[in-house]
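Notes follow once the structure below has been shown.
The values are calculated or read from the model by the stated rules, or taken from the named source; none is laboratory data. Fair warning: this is a prediction, and the values are worked out from it, not measured in the lab. All Cβ positions, even for glycine, are placed from backbone atoms using ideal geometry, and neighbour counts span all protein chains on display.
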Amino acid sequence: MDQGFSQREFTRVPTSLDVRVTVGGRAIPNTGSQNVSLKGMLIHTQEALPKGTVCNLSILLAGGEIEVEIEGVVVNNYPEGTAFQFNKILGVDSFEHLRNLVLYNAQDTEQVEDEFRTHIGLKKKAE
């Protein structure tokens with residue numbers, strides 16, 4: 001495991017999810033996700049977006065019957081895709097679906113549960 005991964009605030013889990021990415025109403029072509037956490041995700045986009053671009057992300061679950069709605073921002077571009085940080089998870093249902101998605105796909109569920117306990121949504125709890 002590389003050192004950068006172990007220093008993340010939230011565990012990232014490998015995924016292959018259908019995702020809709022829109023910027024100002026324009027759909028950004030992509031072939032799905034590579035990984036996801038409670039704080040962000042890497043999506044195999046077909047075009048690089050400028051850092052700081054605010055986007056709407058919809059993670060499609062259960063064959064598209066469930067949508068996890070998120071406001072995100074581009075934080076980096078890599079050859080394999082675009083990294084998004086989540087600004088807002090839109091709705092309690094979206095948060096719960098995302099939380100369960102990460103938990104059920106994590107190798108170390110105890111670590112993920114600890115992350116949930118030390119945060120309120122995306123923010124760390126006051127100590």
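Please find, within the range 4-58, the residue that is surrounded by the most Cβ atoms within 10 Å (Cβ to Cβ) out of those that are among the β-branched types (Val, Ile, Thr) and in a loop (DSSP other than H, G, I, E, B).
The initial filter retains those residues of the range 4-58 that are among the β-branched types (Val, Ile, Thr), namely 11, 13, 15, 19, 21-23, 28, 31, 36, 43, 45, 53-54.
Still in the list and also in a loop (DSSP other than H, G, I, E, B): 11, 15, 28, 53.
Numbers: THR11: 23, THR15: 19, ILE28: 19, THR53: 16.
Looking at the filtered set, the residue picked out is THR11.
Restricting to the range 74-101, and then to whatever is β-branched (Val, Ile, Thr) and within 21 Å of THR31 (Cβ to Cβ), can you tell me which residue is surrounded by the fewest Cβ atoms within 10 Å (Cβ to Cβ)?
Looking only at the range 74-101, we keep the residues that are β-branched (Val, Ile, Thr), and these are 74-75, 82, 89, 92.
With within 21 Å of THR31 (Cβ to Cβ) added as a condition, the list becomes 74-75, 82.
Values: VAL74: 21, VAL75: 13, THR82: 25.
Filtering first and then ranking leaves VAL75.
Looking for whichever is in contact with a helix residue (DSSP H, G or I) (Cβ under 7 Å, 6 or more places away or on another chain) and on the phi < 0 side of the Ramachandran plot here; the options are VAL68, VAL74. Which one fits? Quick ask: steps written out before the conclusion?
Working: VAL74 fails: in contact with a helix residue (DSSP H, G or I) (Cβ under 7 Å, 6 or more places away or on another chain).
Only one candidate passes the filter, namely VAL68.
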GLU67: passes all of (1) under 25 Å from PHE116 (Cβ atoms); (2) outside any strand (DSSP E or B) but (2)
Over the range 37-59, the set of residues out of contact with any Phe, Trp or Tyr (no Cβ under 7 Å at 6 or more places or on another chain), modelled with pLDDT under 95 and either charged (D, E, K, R) or closer than 21 Å to HIS97 by Cα (or both) is GLU47
Restricting attention to the range 59-109, the residues that are touching a residue at least 40 places away in the same chain (Cβ under 8 Å) and basic (Lys, Arg) number exactly 1
